[in-house]
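Data first, discussion second: the structure below is written as structure tokens.
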There are 2 protein chains.
Amino acid sequence: MKKFEEKSLHSTPIYAGKVISLKVDDVLLPNGKESKREIVTHPGAVAVIAITAEGKLVLVEQYRKALERSIIEIPAGKLEPGEAPEHTARRELEEETGYGCHSLTYLQTFATSPGFADEVIHLFVAQDLYKIEAKAELDEDEFVELLEVTVEEAEKMVKEQGIFDAKTAFAALWMKANQ
Amino acid sequence: MKKFEEKSLHSTPIYAGKVISLKVDDVLLPNGKESKREIVTHPGAVAVIAITAEGKLVLVEQYRKALERSIIEIPAGKLEPGEAPEHTARRELEEETGYGCHSLTYLQTFATSPGFADEVIHLFVAQDLYKIEAKAELDEDEFVELLEVTVEEAEKMVKEQGIFDAKTAFAALWMKANQ
């Protein structure tokens with residue numbers, strides 16, 4: 001048995017959406033009692049720490065309806081069914097920034113909200129960037145603006161809440177640690 | 001108007017739960033077209049980078065039903081209604097680790113899953129820790145195990161996916177950058 005495992009006694013599907021789904025599981029706790037867990041399921045995503053020849057971090061600003069504000073993030077996007085994360089990383093980088101990359105390295109995977117969601121983000125580092133002549137189209141409901149910042153600028157944006165996103169705060173710190 | 005703002009035309013409540021709620025908003029995009037946004041609402045949370053006198057990072061291992069595995073995280077927990085984040089931070093640190101702290105400093109706030117959730121985490125740094133004699137009770141459905149690791153051990157755990165959580169990966173990097 002896995003440590004502190006919570007076995008599902010019953011699972012109730014609540015909603016199946018375009019991006020996420022929601023279910024509520026009745027679980028058996030390690031102490032024999034029962035509880036409920038509300039669980040959002042998500043296809044998983046990639047995010048890309050893309051570094052220009054000048055050592056700048058490539059960022060995109062976009063409106064995030066859940067937060068009712070636009071925020072600045074590293075390029076990222078959902079995995080399509082059956083798509084390899086590396087392919088998603090190249091696709092999203094291209095769509096959101098117009099950059100292709102000669103070097104793409106897998107860094108790590110982490111869960112974003114393990115208390116209520118199964119979303120994981122596969123993080124990649126893209127280097128040797130080049131501008132794509134015929135830029136790929138964004139999704140039809142996606143609007144983004146491109147920024148390129150130095151490590152110091154990224155660090156300042158984190159402190160001043162201009163960067164207000166966990167994966168991007170991680171990327172800014174990672175850039176600083178790996179300069 | 002906020003940059004790329006998506007105005008809600010209609011909001012449909014789907015589910016109101018114990019921890020999260022779900023709604024689907026019909027929105028007007030900047031190009032005048034319409035789309036749907038699935039939005040999870042969450043009360044917000046705190047997380048604590050707690051550092052022992054020996055310079056070790058305090059971690060807790062717990063089962064996360066959404067991921068169907070136990071993972072290692074920095075101490076964290078949901079905000080109660082009306083509760084100041086600093087108070088939540090002290091409470092969760094005490095409940096999950098048995099540590100109180102003489103020094104608690106606010107570090108930053110970030111969104112965990114801005115694509116579909118409004119959850120933000122307020123991050124604190126706790127130092128000058130002391131063991132509490134009469135340890136506060138965990139929530140009745142919470143089971144955690146305490147670990148204390150060096151910065152090097154935390155870094156290794158991130159690389160080997162022993163740390164599989166965004167806020168904790170951030171904490172490990174932050175520790176390294178601020179040694």
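Quick note: the coordinates plus some simple rules give every number you see, no bench work behind them. Computed from a predicted model, the values in this text were never measured in an experiment. With ideal geometry, Cβ positions are generated from the backbone for all residues, glycine too; neighbour counts draw on all protein chains shown.
A few comments on the model shown:
- Any hit, the stretch B:53-69, residues being assigned to a strand (DSSP E or B), of a type in the set (D, E, K, R) and in contact with a helix residue (DSSP H, G or I) (Cβ under 8 Å, 6 or more places away or on another chain): no
- For B:Lys65: the one exception among (1) in contact with a Pro (Cβ under 7 Å, 6 or more places away or on another chain); (2) facing another protein chain (nearest Cβ under 7 Å): (1)
- The stretch B:77-103, residues that are of a type in the set (A, V, I, L, M, F, W, C) and out of contact with any helix residue (DSSP H, G or I) (no Cβ under 6 Å at 6 or more places or on another chain): B:Ala84, B:Ala89, B:Leu93, B:Cys101
- Applying the criterion of being in contact (Cβ under 8 Å) with a residue 40 or more places away in the chain and β-branched (Val, Ile, Thr) to the residues of the stretch A:110-132, the residue that is farthest from A:Lys176 (Cα to Cα) is A:Val120.
- Looking only at residues in the stretch A:148-160 that are more than 12 Å from chain B (Cβ to nearest Cβ) and among the hydrophobic types (A, V, I, L, M, F, W, C), the one that is farthest from the chain's Cα centre (by Cα) is A:Val149.
- Among the residues of the stretch A:161-179, those identified as closer than 21 Å to A:Tyr130 by Cα and either part of a strand (DSSP E or B) or within 20 Å of the chain's Cα centre (by Cα) (or both) are A:Ala171, A:Met175.
- Looking across the stretch A:38-70 at every residue that is among the acidic types (Asp, Glu) and farther than 30 Å from A:Gln127 by Cα, the one that is surrounded by the most Cβ atoms within 10 Å (Cβ to Cβ) is identified as A:Glu38.
- The stretch B:85-98, residues that are buried (at least 22 other Cβ atoms within 10 Å of the Cβ) and more than 23 Å from A:Val158 (Cα to Cα): B:Glu92, B:Leu93, B:Glu96, B:Thr97
- Index of the failed condition, A:Glu80 passing every other in (1) in contact (Cβ under 8 Å) with a residue 24 or more places away in the chain; (2) surrounded by 15 or more Cβ atoms within 10 Å (Cβ to Cβ); (3) more than 9 Å from chain B (Cβ to nearest Cβ): (2)
- Test for B:Ser35: is it within 24 Å of A:Ala16 (Cα to Cα), touching a Ser or Thr at 6+ places or on another chain (Cβ under 9 Å) and not in a helix (DSSP H, G or I): no
- Residues in the stretch B:1-37 that are under 15 Å from A:Phe116 (Cα atoms) and either in contact with a strand residue (DSSP E or B) (Cβ under 7 Å, 6 or more places away or on another chain) or among the β-branched types (Val, Ile, Thr) (or both) were compared, and the one that is surrounded by the fewest Cβ atoms within 10 Å (Cβ to Cβ) is B:Lys18.
- Single unsatisfied condition, B:Glu34 versus (1) closer than 25 Å to A:Val144 by Cα; (2) within 8 Å of another protein chain (Cβ to nearest Cβ): (2)
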